[in-house]
Each structure stands twice: as structure tokens, then as C-alpha cells.
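Beneath this line is the structure, given in C-alpha cells, with notes to follow.
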Amino acid sequence: MAETAKILSPDSTVLIPSLQAGCSLAQSITAADVRELKAEHPGVPVVSYVNTSAEVKAESDACCTSANALKVIEAMDGNEVVFLPDEYMGKNLQAQTKKKLHYWSGRCIVHDTFSR
């Protein structure tokens, strides 16, 4: 998230508590993974959740938040969308759209741990 904040506001100071701080969800997918998905689903738009790296966002057609994910998916051309990286959000969104979602099996370790 700090990386995205800096891209959106390059003249601002972005503070993070630790250089080792990370996000298991964002770390679950790489730009190479996105390129592979695009090869598997040629011509299908890719929508990435905000909790992804800048490199993953750069390989995507659109970026979304949890609040606007459905609207972004619905705005994409065609009947299919690659959604990443959150598997749980992808399954939830699939129940709300008629488009076929191809979602990545990424998970947030915190949500995964406390959801059981």
C-alpha cells in the first residue's frame, strides 16, 4: 500500500512502520503470474485488488477496492474477467455478477486464520 501511495503522490512522504512489513495477499502473486494468466485467458481483462504490488498493477487493466470491485468488474468489456489476488473476494464477487471470473487463489493470512 505504501508503494501505491508513493506512486499516486510522489512528492509526499510515505511512512511505514518497518521495511520488513508486508502483505501476504500482495505477496501471493507476481507480475509473472499475471502474464501467465493473461496467456491462459487471452483478451480477458485483468482487475487487480488494491492490495497488490505496483508490478502486478502495471500488468492489469484496472485496479479496484473492495467498495468498487463489482462496479469495476461490470465495467469491463466481455463476459469474462481475471480477478486477483483475493480468492475469497473473487468467490464473493462471482455470486454477484453474471460474468465468468477467473480468480487467483491468494489469501490474506490474517483473514484466513481468523475466518476458521
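So here's what we get for this one:
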{"read-out": "LEU25 vs. criteria in contact with a Lys or Arg (Cβ under 7 Å, 6 or more places away or on another chain), of a type in the set (A, V, I, L, M, F, W, C) and either surrounded by fewer than 18 Cβ atoms within 10 Å (Cβ to Cβ) or within 16 Å of SER105 (Cα to Cα) (or both)", "value": "yes"}
{"read-out": "Flag if ALA69 is surrounded by fewer than 19 Cβ atoms within 10 Å (Cβ to Cβ) and of a type in the set (A, V, I, L, M, F, W, C)", "value": "no"}
{"read-out": "Members of region 1-22 found to be surrounded by 12 or more Cβ atoms within 10 Å (Cβ to Cβ) and among the charged types (D, E, K, R), listed by number", "value": "GLU3, LYS6"}
{"read-out": "Any hit, region 34-54, residues being among the charged types (D, E, K, R), touching a residue at least 40 places away in the same chain (Cβ under 8 Å), in contact with a strand residue (DSSP E or B) (Cβ under 8 Å, 6 or more places away or on another chain) and surrounded by 12 or more Cβ atoms within 10 Å (Cβ to Cβ)", "value": "yes"}
{"read-out": "The one condition in (1) at pLDDT 95 or above; (2) aliphatic (A, V, I, L, M); (3) within 28 Å of PHE114 (Cβ to Cβ) that VAL50 fails to fulfil", "value": "(1)"}
{"read-out": "One residue from ASP77, ASP61 being surrounded by fewer than 20 Cβ atoms within 10 Å (Cβ to Cβ), under 12 Å from the mean Cα position of the chain (by Cα), over 18 Å from LEU25 (Cβ atoms) and free of Cβ contacts under 8 Å to residues at least 60 places away in the same chain", "value": "ASP61"}
{"read-out": "Leading residue by the ranking (nearest to GLU40 (Cα to Cα)) among those in region 76-116 that are at pLDDT 95 or above, touching a strand residue (DSSP E or B) at 6+ places or on another chain (Cβ under 8 Å) and among the aliphatic types (A, V, I, L, M)", "value": "VAL82"}
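The values are calculated or read from the model by the stated rules, or taken from the named source; none is laboratory data. A quick note: this is a predicted structure, and the numbers were derived from the prediction, not measured. In this analysis, Cβ positions are derived from the backbone assuming ideal geometry, glycine residues included, and neighbour counts consider all displayed protein chains.
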